[in-house]
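Please read the structure below before turning to the comments.
Computed from the coordinates by the stated procedures, all read-outs in this text should not be read as laboratory data. These numbers come from a predicted model, not from an experiment. Using ideal geometry, Cβ is built from the backbone for each residue, glycine included, and neighbour counts are taken over all protein chains shown.
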Amino acid sequence: MGNPKGVTRDFEQLERRRLRAAKLFDRGLSQADIARQLGVHRQSVSRWHQSWQTNGAGALKKAGRAGRKPRLAPPQLEQLRRGLQRGPQVLGYSTGLWTSWRVANLIERQTGQHFHPGHVWRILRSLGWSCQRPVGRARQRDEAAIQRWKRVRWPDIKKKPSSSAAP
């Protein structure tokens, strides 16, 4: 089921809430009272109470990290962020456009870790970067001529409904 998109769980806060429930269990409050006080469902309190009775307050601590450990440590991610901000031209590329291949190359140069270019987007997203496409406009574009064409020429060639057609 999980969380709605964009909603993250604060595991520290969830653990604090469960441990607060353990203190309330010690004081002898009913599960319904604890649920009301903490703003959680009674079934959650019931589950916590069962764990607390069986294994003590330690059973209500967070489980720890789920999944594989990240291959890049926080200092390496910060180093990557600085490298991205400097731009791809510093690495010898001719344009200022980051591609997934270029970012993968930057990561490998800086950290020695090889990432497939198709997976680099996850790292970029974790750094707050998003996929951007440059606006494809010609450098020699004449804005005044374009506006003139839109005002004068386009209305002349645009299809118009015939005057005999019903509305």
Stretched out fully, how many nm does the piece from Ser100 to Arg27 gain, at 0.36 nm a residue minus the Cα gap? 20.6 nm
Report the gain in length on full extension from Gln79 to Arg151: 0.36 nm times residue separation, minus Cα-Cα distance, nm rounded to one decimal. 20.8 nm
Which of the three applies to the chain, rounded, prolate or oblate, going by the alpha-carbon gyration tensor with a ≥ b ≥ c and a/c under 1.5 meaning rounded? oblate
7 Å from Cα along Cα→Cβ at both Gln89 and Gln13: what's the point-to-point distance in nm? 4.3 nm
Tell me the trypsin sites (Lys or Arg not before Pro) within the range 17-117 that lie in a loop according to DSSP and have at most 16 other beta-carbon atoms within 10 Å. Arg27, Lys61, Lys62, Arg65, Arg68, Arg71
How many nm separate the modelled label positions at Ala138 and Arg125, each set 7 Å beyond the Cα in the direction of the Cβ? 3.8 nm
For the chain: lysine pairs with Cα atoms under 28 Å, gap of 8 or more or different chains, count? 9
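Local charge sum around Gln76 (other residues, Cβ-Cβ under 15 Å, Lys/Arg +1, Asp/Glu -1)?
+4
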